[in-house]
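The numbers here are math on the coordinates, done by the rules we state, and not lab data. Treat the numbers as computed from the prediction; the structure is a model and nothing was measured. Backbone-built Cβ (ideal geometry, glycine too); neighbour counts: all protein chains shown.
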């Protein structure tokens, strides 16, 4: 995953629960690393490990990736980044953090926040979640008030133009950032990646998603959000806060 | 709203987690660090990452390892739009500071969408840890 995971538990959590949480994240990282040649994923990609012999969670993740590829009409495709190799990184981070939230819940925590590089799992609430402005450093495009939800934002600002439309092989164009709110971080992250890759077609596609709300900021600061997303906004409207008409 | 964070050890653990993966190694090796003091005690090794610049700021991170474990992180240079965040100590502060600058959003709990600052900070930290390991 290659990024820090921040945990906020206002009511506190036992040291053991937090140890367990980070042990799980390390396990997920070691298993799905595309950089560590000893990871199950790398061994799978080199043909040294058969899918049937892989960890059951590896099979689960790859099966879920395949479902998401179908659900996004190919815009989320773990086969895309490297020809002949699988790179499920786009799902693994959110998936692993969502499961980490489950560990904390089972340890008795009721109100907490997990932040994996700007992709967020919230339990309890309400929490106030700022959505980073895609062009203006330190500014927010919107503020949401949320409980028991996951929020994922994909944008070109994160690590350069890091999202490629698998269908064209070119960097996605048209959208500056896509934010998805939903019940599961892995899915929300995959949907945000897919909608971003779809560019101008993304907002229309996000409007078809059940149980998810979305906001897309397009080039020219045009903002297209689902009505449910606007309902989640606290304070000024999205359009006003980015200075453009939706 | 309370802004309590989980235990300090947790932050260190998270730093170790990211340190193990060199997602985006910098193109050139880190320059010698003129500002860094000599290691004050045996077993401690320190390294400094390259100055990483973004459209908005420049960041350089110094990592301290004690017997191979990351025991301290300091941001030793940070200029530009985020210059007010001029020192981050990973033992006492959250790894990623999210500054809620918009009016009326002072009580933001978290920001969705990564920032240039956090990306550069992570890149410099990775290089600093590599430098410290090389001793």
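Send over the semi-axes of region A:5-240's equivalent ellipsoid, whole angstrom and largest first, taken as the square roots of 5 times the C-alpha gyration tensor eigenvalues.
Working through the eigenvalues yields semi-axes of 28, 25, 14 Å.
Once you average over the residues of A:124-131, how many Cβ atoms of partner chains fall within 10 Å of each Cβ?
Per-residue shielding by partner chains comes out at 4.
Counting every Cα pair in region A:1-132, what percent are over 20 Å apart?
50 percent
Expressed as a whole number of Å, what is the distance separating the alpha-carbon centroids of region A:94-154 and region A:1-69?
So the separation of the two Cα centres works out to 19 Å.
Over region A:5-240, calculate the relative contact order: mean separation of alpha carbon pairs under 8 Å at least 6 apart, over the residue count, as a percent.
Computed value for region A:5-240: 17 percent relative contact order.
Can you sort B:110, A:129, A:230 from fewest to most other Cβ atoms within 10 Å of each residue's own Cβ?
Fewest-to-most ranking of B:110, A:129, A:230: A:230, B:110, A:129.
How much length, in nm to one decimal, is gained on full extension between residue A:15 and residue A:219, taken as 0.36 nm per residue of separation minus their Cα-Cα distance?
Difference between extended and current length: 68.9 nm.
Taking 7 Å along the Cα-to-C-beta vector as the label spot, tell me the residue A:145-residue A:79 distance in nanometres, rounded to one decimal.
Each label point is offset 7 Å from its Cα along the Cβ direction, giving 4.7 nm.
Quick check: pseudo-label points 7 Å beyond the Cα along Cα→Cβ at residue A:38 and residue B:67, how many nm apart are they?
2.1 nm
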